[in-house]
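What follows is a single structure, written as structure tokens, with notes after it.
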Amino acid sequence: MFDVVIIGAGISGAVLAERFAQDSNKKVLLIERRQHIGGNCYDKIDENGILIHKYGPHLFHTDDAEIFDYLSKFTEWQTYQHKVLAMIDGQAAPIPFNFNTLYKVFPKNLAERLEVALLQNFEYGKKIPILELKNSPSADLQFLADFVYEKIFLHYTEKQWNLTPDKIDGAVTARVPVSISRDDRYFNDKFQAVPKFGYTAMFQKMLAHKNIKLMLNTAFNEVATLRDGKIFLFDAEFNGKVIYTGLLDELFNYKFGALEYRSVDMKFETVDAENFQAAATVNYPNNYNFTRITEFKKIHPAKSARTTILKEFPQNYIVGENVPYYPVFTDAAKEAHAKYFDELKNFPQIKAVGRLAEYKYFDIDDAVKRAFEVYAELKN
Ligand code: UDP
């Protein structure tokens, strides 16, 4: 009856379902445990008439025209370039840390001196990961690096990961480098936008195909079992392809223990004022138990006398209790995942894809790109 079974209707699952259904004319069964599609990109209009991202702010950005063109088949866009401020010593200053931030947080004379030191050591336009800047030989840059590390990265990262920046993969903090420029934007990609009517609407269009059968509110183990290297779907042996985008430890009944993820308690609030803050997102590296506040009106403009904000409180992930948002980027956690990945060799029909299953820090475009790669690999 079905050629392909896909578990999870997030980015990876939705893109692969669409590709198999539309491009290969295959019959796809798409199973989703939640009551909605779109994975953590899921958004909806809230009681204030504002489009909110239920699982935290998702801002699409890519340099890859193929990905932008592909998604453009399913949505119109609203151009949007994300800007973030961080509260540093009581000042709201732009991050990534750049020359504008320098002049915001330091007296003019000192800012000028540090700007000169940066330009003597780095080419204009370059982006320097904080852990690299910390190795700088110049005393002025050493001072600057220590300041940026302490005021922007250290305490934020401790809240977010329960680890200091040196204990996690440098790629994590390198996502927000020090920028040798006056560019205040959080991303510099060629294409930056949000779907005009939201991500959920975009995924709905992607999945509206006669070859795709979607089952919401359905966990994988309600319809399938794994036994002796085989897969049984509705109690009959299934010989097609299985694309699994969920948690690998769960798939294998936690036989090697639970994988580590970080979770976030997303607390939405209605503020009885038209505007709340000066940018869509304001980070609070050094105060409070939340990492940042996002005001959704500033991403998706809406006419409302009120405004909806989101405070993100990082937490440990506990199986069955909260949402596994971020794979943990320590060597030990990656090794634990690799054991589960090896276990997949006993089930050659199954392909693990995406942020959760592959244990990767994927942005939206990375997830789409990975789904394209897997489709190219599996379609024949
Ligand atoms: N980060 C930080 N301070 C900030 C912003 C980011 O220390 O003000 C670090 C932190 O470790 C965070 C990582 O950089 O987890 C990546 O930040 P990004 O904003 O890309 O995280 P996401 O939006 O994916 O949660």
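Filter the stretch 310-331 for residues that are more than 16 Å from the ligand (Cβ to nearest atom) and either closer than 19 Å to LYS54 by Cβ or open to solvent by 70 Å² or more (accessible area, probe 1.4 Å) (or both) and give the result.
ILE318, GLY320, GLU321, ASP331
Yes or no: THR291 surrounded by 17 or more Cβ atoms within 10 Å (Cβ to Cβ) and among the polar types (S, T, N, Q)?
Values: surrounded by 17 or more Cβ atoms within 10 Å (Cβ to Cβ): yes; among the polar types (S, T, N, Q): yes.
In short, yes.
Would you mind finding the one in LYS213, LYS159, LYS190, LYS126 that is open to solvent by 20 Å² or more (accessible area, probe 1.4 Å), modelled with pLDDT of 95 or more and within 11 Å of the ligand (Cβ to nearest atom)? After ruling out the rest, the residue left standing is LYS159. A Cβ distance below 9 Å, combined with a sequence gap of six or more or placement on separate chains, defines the contacts here; from the stretch 298-309, residues that are under 8 Å from GLU274 (Cβ atoms) reach residues that are open to solvent by less than 10 Å² (accessible area, probe 1.4 Å) and in a loop (DSSP other than H, G, I, E, B) in the pairs SER304/ILE50; ARG306/ILE50; THR307/ILE50. The criterion of at least 2 residues that are over 21 Å from the mean Cα position of the chain (by Cα) is met, among strands (runs of 3 or more DSSP E) falling completely within the stretch 156-266, by 212-215, 224-227, 230-233, 236-238, 241-244. Whenever a residue of the stretch 202-229 is farther than 16 Å from TYR42 by Cα, its partners that are of a type in the set (Lys, Arg), lying with C-beta atoms within less than 8 angstrom and at least six residues away or across chains, give the pairs ASN211/LYS26; ASN211/LYS27; LYS213/LYS27; THR218/ARG33; ALA219/ARG33; PHE220/ARG33.
Condition check ((1) farther than 30 Å from PHE238 by Cα; (2) open to solvent by 40 Å² or more (accessible area, probe 1.4 Å)) across all residues:
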| site | (1), (2) |
| --- | --- |
| ASP3 | no, yes |
| GLU18 | no, no |
| ALA21 | no, no |
| SER24 | no, no |
| ASP46 | yes, no |
| TYR70 | yes, no |
| TRP77 | yes, yes |
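For the stretch 162-182, the tally of residues that are out of contact with any strand residue (DSSP E or B) (no Cβ under 6 Å at 6 or more places or on another chain), at negative phi and within 16 Å of the ligand (Cβ to nearest atom) stands at 14.
If the condition is being touching a Lys or Arg at 6+ places or on another chain (Cβ under 8 Å) and either open to solvent by 60 Å² or more (accessible area, probe 1.4 Å) or part of a helix (DSSP H, G or I) (or both), then the stretch 345-359 contributes only GLU358.
Output yes when any residue across the stretch 286-295 is away from the ligand (no atom under 16 Å from the Cβ) and more than 19 Å from the chain's Cα centre (by Cα), and no when none is.
No, the stretch 286-295 contains no residue that is away from the ligand (no atom under 16 Å from the Cβ) and more than 19 Å from the chain's Cα centre (by Cα).
Just one of the listed residues (ILE31, ILE52, ILE11) is under 23 Å from THR225 (Cα atoms) and surrounded by 17 or more Cβ atoms within 10 Å (Cβ to Cβ), and it is ILE31.
Do we find a residue being out of contact with any His (no Cβ under 7 Å at 6 or more places or on another chain), under 26 Å from ALA17 (Cβ atoms) and in contact (Cβ under 8 Å) with a residue 40 or more places away in the chain anywhere in the stretch 281-291? Among the residues of the stretch 281-291, not one is out of contact with any His (no Cβ under 7 Å at 6 or more places or on another chain), under 26 Å from ALA17 (Cβ atoms) and in contact (Cβ under 8 Å) with a residue 40 or more places away in the chain, which makes the answer no.
The values are calculated or read from the model by the stated rules, or taken from the named source; none is laboratory data. Keep in mind it's a predicted model, so treat the numbers as computed, not measured. Cβ atoms come from the backbone with ideal geometry, glycine included; neighbour counts cover every protein chain shown. Surface accessibility is based on the protein's heavy atoms, side chains included, excluding ligands, DNA and RNA. Shrake-Rupley method; radii C 1.70, N 1.55, O 1.52, S 1.80 Å.
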